Amino acid sequence: MKLTMRLYRNEEDYWRMRQFLREVMLANDLHQYSWHVARLDYWWWFANTDIEKFDLTQVIFLWESEDGELAAVLNPEGKGQAYLQIHPKFRTPELEEEMIVTAETYLKHPNREGKMRILVFADSKDSLRHEILTKRGYQKVERPETNETIHIFPLANEIKKVETPNGYTIRALGHGLELLERCYASGLGFHNDEIQTARENRDDPSWYHHIQSAPLYRRDLDLVAIARDGSIASFCTVWFDDVTRTAYFEPVATVPKHQRHGLGKALLTEGLKRLKAMGAKLATVGGYSDAANELYFSVFGEEYDLLQPWEKFH
């Protein structure tokens, strides 16, 4: 089947991509061989808007069939990175290679040493993509921290009972000024208690308003652990897609002084309970570090997919 490639044009393409990712996930039996729709939302509304700031009309490529059906999407997430989203009914070695060549041409970026580099991500069991990448001179990045372990929890499974740690309360994010406290906690949780970053996050909370504008955002799934002094000690946001009945946890973090109390485990468990009550079928969360993966395995169990980067220098 002949496919035509073009660049992203406007917001209508974004909405088409969202529906496409849902169809792909259903076709892939709920595995994230392509992005979950929530990952696109999080990137589109927050990560790219506030951090990466790509001109989307220059970095997103769409492949369409002769009758206008969306067959594949190529997009970045971070400079020099490429993610291939492909509907399985259109997937061929020729399309895979064309997408990889397009990434090499338009998405490569200098690394810290100034060498032009492209990273293409592939599932650890995707032998077709591995073969094409190897043929084109890519090497799998062997550093474990660059791999994304996608933890999978089928909600038909029993959720382990986890008690809320003494002295903390778990609930949904409140209204009003608590948003500023959530912004502050994010700076501490993701930047190792860096006060200046936490203050900057709080002084301009527009980035969090962007997250809350995303189509799948729900305040009742934006969970926080509140310490005795009223501060936010830990947090996780859960994104539920009622079309695929799947969910995606992003982000998850605990403020350093509140770590090692079991707050992450309690928050994840509360999220799973809420999802099960909503009729969700499956929940996922991605981990990179040993500490994060240890936490996620303890709550989600042993089922996972592994997304690995392959590297090529130009």
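The values are calculated or read from the model by the stated rules, or taken from the named source; none is laboratory data. Treat the numbers as computed from the prediction; the structure is a model and nothing was measured. Note that we place each Cβ from the backbone using ideal geometry, even for glycine, and neighbour counts take in every protein chain shown.
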Is there any pair linking a residue in the stretch 92-108 that is not assigned by TED's automatic domain parsing to the domain that holds K53 to one that is modelled with pLDDT under 95, with Cβ under 8 Å and at least six apart or on different chains, and which? none
Exactly one of these conditions fails for H175: (1) within 23 Å of the chain's Cα centre (by Cα); (2) over 15 Å from V252 (Cα atoms); (3) surrounded by fewer than 19 Cβ atoms within 10 Å (Cβ to Cβ). Give me its number. (1)
Return yes or no: is T197 more than 29 Å from S34 (Cβ to Cβ), in a helix (DSSP H, G or I) and β-branched (V, I, T)? yes
What is the number of the single condition among (1) touching a Phe, Trp or Tyr at 6+ places or on another chain (Cβ under 6 Å); (2) under 24 Å from W44 (Cβ atoms); (3) in contact (Cβ under 8 Å) with a residue 40 or more places away in the chain; (4) part of a strand (DSSP E or B) that C236 does not meet? (3)
Return yes when G271 is surrounded by 22 or more Cβ atoms within 10 Å (Cβ to Cβ) and at pLDDT 95 or above and no when it is not. yes
Among residues belonging to the stretch 248-268 that are of a type in the set (G, A, S) and within 25 Å of E145 (Cβ to Cβ), point out the one that is surrounded by the most Cβ atoms within 10 Å (Cβ to Cβ). G264
From the list D41, D13, D29, which one is crowded, with 22+ Cβ neighbours inside 10 Å and at pLDDT 95 or above? D41
So for the stretch 149-162 (the condition being touching a helix residue (DSSP H, G or I) at 6+ places or on another chain (Cβ under 6 Å), aliphatic (A, V, I, L, M) and either under 19 Å from F46 (Cβ atoms) or part of a helix (DSSP H, G or I) (or both)), does at least one residue qualify? no
Provide a single number: the residues in the stretch 122-147 that are under 27 Å from S234 (Cβ atoms) and surrounded by fewer than 18 Cβ atoms within 10 Å (Cβ to Cβ). 3
